[in-house]
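Below is one structure, written out as structure tokens; the observations come after it.
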Amino acid sequence: MSGNMNLTLKVWRQKNDNTRGKFVTYQANGISPDMSFLEMLDVVNEDLVRKGEDPIHFDHDCREGICGMCSLHINGRPHGPKQGTTTCQLHMRSFHDGQTVVIEPWRAAAFPVIKDLAVDRSAFDRIQQAGGYVNVNTGGVPDANVIPIPKIIADEAFESATCIGCGACVAACKNASAMLFVSAKISQYALLPQGQTERYSRAQAMVAQMDAEGFGSCTNTGACEAECPVGIKLTNIARMNREYLNAKIFKEIEVH
Amino acid sequence: MSKSKPLLFSTLGKKLIMSLTGLFLCSFLIVHLIGNLQLFYNDQGKAFNEYAYFMTHFTPIKIVSYLLYTSIVIHAIYALVLTIHNKKARPVGYAVYRGSANSSWNSRNMGILGTVLLVFIVTHMSQFWWKFHNDQVPYIEYRTDLNTNKTTATELVAGEFTDYMEYVDNGVAITKARDLYKQVAFTFKEWYWVALYVVSMAALSFHLIHGFKSAFQTLGWDHKKYAPIIRFVGIWFFGVAIPIGFAAMPVYFYLSN
């Protein structure tokens with residue numbers, strides 16, 4: 001077919017977290033520019049399976065850009081060269097014929113490699129479980145919209161809640177800091193009336209879990225915001241700092 | 001679930017220390033620059049030398065100066081602690097990492113810029129602060145005729161008096177002081193000191209363009225109305241005006257020689 005591309009892939013292959021990994025070079029031939037990046041890897045994997053080799057392991061699920069499962073550090077950037085996109089929504093037309101593409105897993109101590117390009121992001125789950133929830137009273141079902149929330153606040157909380165937990169912020173950050181993720185998860189509740197009960201214990205618990213998981217600290221480079229596929233803003237991090245410092249310095253709520 | 005650690009042991013608490021010490025050091029730069037503008041007076045250094053005596057002998061200023069030295073040390077130590085922590089967070093690095101695609105160079109290299117500044121501060125203090133405090137600067141006597149208001153200056157031999165004197169004798173106001181001004185003029189006769197100072201001020205500029213707004217972000221002071229002001233002050237005042245003001249001093253002395 002005309003217009004199809006041939007690419008050279010340098011893919012990180014690693015058996016598991018206890019073994020050393022290395023780059024292996026593969027040829028991806030006859031790739032349509034309309035394919036997604038993951039479909040291109042599917043083509044390469046079908047070839048590997050036919051040859052009886054171990055296919056490249058990578059995370060994926062919905063392939064619609066909403067689940068946050070796909071990862072991949074492509075040519076030095078999380079989710080590849082485009083901004084505001086996940087790897088499944090990255091099309092091969094963003095590359096050119098004959099290009100060499102280096103594919104690496106997310107690199108962070110808190111994200112150990114499971115195999116090849118797939119990393120264990122359950123650290124995010126544990127941070128969420130530490131405080132990313134609201135308590136709900138039992139009793140009768142409350143009426144919808146019974147609590148008035150200004151539109152501007154509702155919108156801001158919604159924007160924070162769009163975080164899909166993909167980990168691109170950690171991958172992009174030179175310190176492997178998870179602050180954009182954690183701050184988005186703290187913000188979505190801190191902004192809303194429903195989240196006030198646990199407001200200050202939440203900030204403390206989630207930050208404590210973030211530190212315990214071994215993520216780095218923030219140096220405000222803004223790389224996370226630039227690489228976030230859903231556009232989570234740095235202002236969330238400022239809000240998290242505010243919530244946390246406020247809880248630690250001015251509030252009596254302690255988290256044990 | 002992990003226990004919430006005391007404030008200063010958490011990553012956010014350590015960042016708070018960086019932010020507060022950093023902003024304190026920024027405020028010092030303003031005072032230091034304004035004071036040192038007296039170097040540009042064409043008065044054989046009289047105002048500057050009097051100012052130098054005042055700054056080293058006025059108790060509240062002395063207290064603040066020790067707070068300042070402590071801040072420099074704490075800022076550097078916490079930077080080191082945080083950098084080691086951050087390196088540990090990514091034990092295996094990327095083969096390809098395009099940081100320039102998503103962040104500015106100076107924001108990613110605050111440690112290198114800070115190291116340059118630390119070396120500069122040590123050099124700067126050994127050249128002036130140490131020599132001033134250890135009697136290694138020349139002495140000078142200013143005689144101002146109170147009728148004509150004319151001032152003459154003569155170099156004094158060290159050891160004739162201690163520290164500082166100010167008195168009126170026969171219609172002539174006499175001031176004897178350590179001549180730090182001459183020490184400044186002497187140092188900046190050499191092109192390499194001028195070069196070091198100018199390069200260091202460039203590092204200061206890049207450090208503060210990121211550092212000033214970053215400090216406010218760390219404190220959580222982010223507001224639609226005030227963020228643009230902080231950004232503006234960080235870039236144009238701390239990033240441009242202050243470093244240029246400082247760099248102008250060695251250049252001025254070098255050129256006027």
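The values are calculated or read from the model by the stated rules, or taken from the named source; none is laboratory data. Remember, it's a predicted structure, so these values are computed and weren't measured experimentally. Cβ placement follows ideal geometry from the backbone for every residue including glycine, while neighbour counts extend to all protein chains displayed.
Annotations
- When the residues of segment B:183-212 are filtered to those that are buried (at least 17 other Cβ atoms within 10 Å of the Cβ), over 14 Å from B:L117 (Cβ atoms) and not hydrophobic (A, V, I, L, M, F, W, C), the one that is nearest to the other protein chains (Cβ to nearest Cβ) is B:T187.
- Check on A:V182, more than 8 Å from every other protein chain (Cβ to nearest Cβ), hydrophobic (A, V, I, L, M, F, W, C), crowded, with 24+ Cβ neighbours inside 10 Å and touching a Pro at 6+ places or on another chain (Cβ under 9 Å): no
- All positions within segment B:78-109 that are part of a helix (DSSP H, G or I), under 28 Å from the mean Cα position of the chain (by Cα) and more than 7 Å from chain A (Cβ to nearest Cβ): B:Y78, B:A79, B:L80, B:V81, B:T83, B:I84, B:W105, B:N106
- Every listed requirement among (1) surrounded by fewer than 18 Cβ atoms within 10 Å (Cβ to Cβ); (2) away from every other protein chain (no Cβ under 14 Å); (3) of a type in the set (V, I, T) is met by B:I112 save one, (2).
- Test: residue in segment A:62-73 that is touching a residue at least 60 places away in the same chain (Cβ under 8 Å) and surrounded by fewer than 19 Cβ atoms within 10 Å (Cβ to Cβ): yes
- Unique residue being out of contact with any Ser or Thr (no Cβ under 8 Å at 6 or more places or on another chain) and buried (at least 18 other Cβ atoms within 10 Å of the Cβ) when the list is B:D222, B:D179, B:D163: B:D179
- Of everything listed in (1) surrounded by fewer than 24 Cβ atoms within 10 Å (Cβ to Cβ); (2) within 8 Å of chain B (Cβ to nearest Cβ); (3) within 17 Å of the chain's Cα centre (by Cα), the single unmet condition for A:I249 is (3).
- Of the residues screened, A:C67 is not one that is farther than 25 Å from B:G93 by Cβ and touching a Phe, Trp or Tyr at 6+ places or on another chain (Cβ under 8 Å).
- Of A:S160, A:S177, all but one fail to be under 17 Å from the mean Cα position of the chain (by Cα), closer than 22 Å to A:S122 by Cα and away from chain B (no Cβ under 13 Å); the exception is A:S160.
- Those residues of segment A:209-220 which are in a helix (DSSP H, G or I) and either more than 7 Å from every other protein chain (Cβ to nearest Cβ) or in contact with a Gly (Cβ under 9 Å, 6 or more places away or on another chain) (or both), in sequence order: A:Q209, A:M210
- Residue list for segment A:1-27, filter: in contact (Cβ under 8 Å) with a residue 12 or more places away in the chain, over 19 Å from A:L90 (Cβ atoms) and not acidic (D, E): A:M1, A:R13, A:Q14, A:K15, A:N16, A:G21, A:F23, A:V24, A:T25, A:Q27
- Hey, B:L67 within 14 Å of chain A (Cβ to nearest Cβ), out of contact with any Ser or Thr (no Cβ under 8 Å at 6 or more places or on another chain), loosely packed, with under 15 Cβ neighbours inside 10 Å and at pLDDT 95 or above or not: no
- Within segment A:102-126, restricting attention to residues that are of a type in the set (A, V, I, L, M) and within 10 Å of another protein chain (Cβ to nearest Cβ), the residue that is farthest from A:N18 (Cα to Cα) is A:V102.
- Every pair of residues 6+ apart whose Cβ atoms lie under 7 Å, when the first sits in segment A:131-152 and is under 20 Å from A:E198 (Cα atoms) while the second is aliphatic (A, V, I, L, M) and surrounded by 10 or more Cβ atoms within 10 Å (Cβ to Cβ): A:G131/A:A205; A:G131/A:M206; A:G132/A:M206; A:I149/A:L192
- B:G13 being in contact with a Gly (Cβ under 7 Å, 6 or more places away or on another chain), within 14 Å of another protein chain (Cβ to nearest Cβ) and either in a helix (DSSP H, G or I) or within 23 Å of B:I242 (Cα to Cα) (or both): no
- Matching residues, segment A:1-24, being surrounded by 13 or more Cβ atoms within 10 Å (Cβ to Cβ) and among the aliphatic types (A, V, I, L, M): A:M5, A:L7, A:L9, A:V11, A:V24
- Any hit, segment B:6-17, residues being among the polar types (S, T, N, Q) and under 28 Å from A:A178 (Cα atoms): yes
- All conditions but one from (1) in a loop (DSSP other than H, G, I, E, B); (2) among the β-branched types (V, I, T); (3) within 14 Å of chain A (Cβ to nearest Cβ) apply to B:V137; the one that does not is (3).
- Which listed residue, of A:G30, A:G52, A:G84, is farther than 25 Å from A:T162 by Cα, in contact (Cβ under 8 Å) with a residue 24 or more places away in the chain and not β-branched (V, I, T): A:G30
- Residue match in segment B:85-106 (condition: touching a residue at least 60 places away in the same chain (Cβ under 8 Å), surrounded by 15 or more Cβ atoms within 10 Å (Cβ to Cβ), farther than 18 Å from A:A226 by Cβ and not polar (S, T, N, Q)): yes
- For segment A:46-94, the set of residues classified as within 14 Å of chain B (Cβ to nearest Cβ) and part of a loop (DSSP other than H, G, I, E, B) consists of A:S71, A:L72, A:N75, A:G76, A:H79, A:G80, A:P81, A:K82, A:Q83, A:G84, A:T85, listed by residue number.
- Tabulated pairs, segment B:123-139, first assigned by TED's automatic domain parsing to the domain that holds B:Y51 and charged (D, E, K, R), second modelled with pLDDT of 90 or more and part of a helix (DSSP H, G or I), C-beta under 8 angstrom, 6+ apart or interchain: B:K131/B:Q183
- In segment A:221-232, residue farthest from B:K5 (Cα to Cα) [restricted to those that are at the interface with another protein chain (Cβ under 7 Å from one of its Cβ atoms) and of a type in the set (G, A, S)]: A:A226
- Residue check for B:F54: farther than 25 Å from B:F238 by Cα, part of a helix (DSSP H, G or I) and out of contact with any Leu (no Cβ under 7 Å at 6 or more places or on another chain): yes
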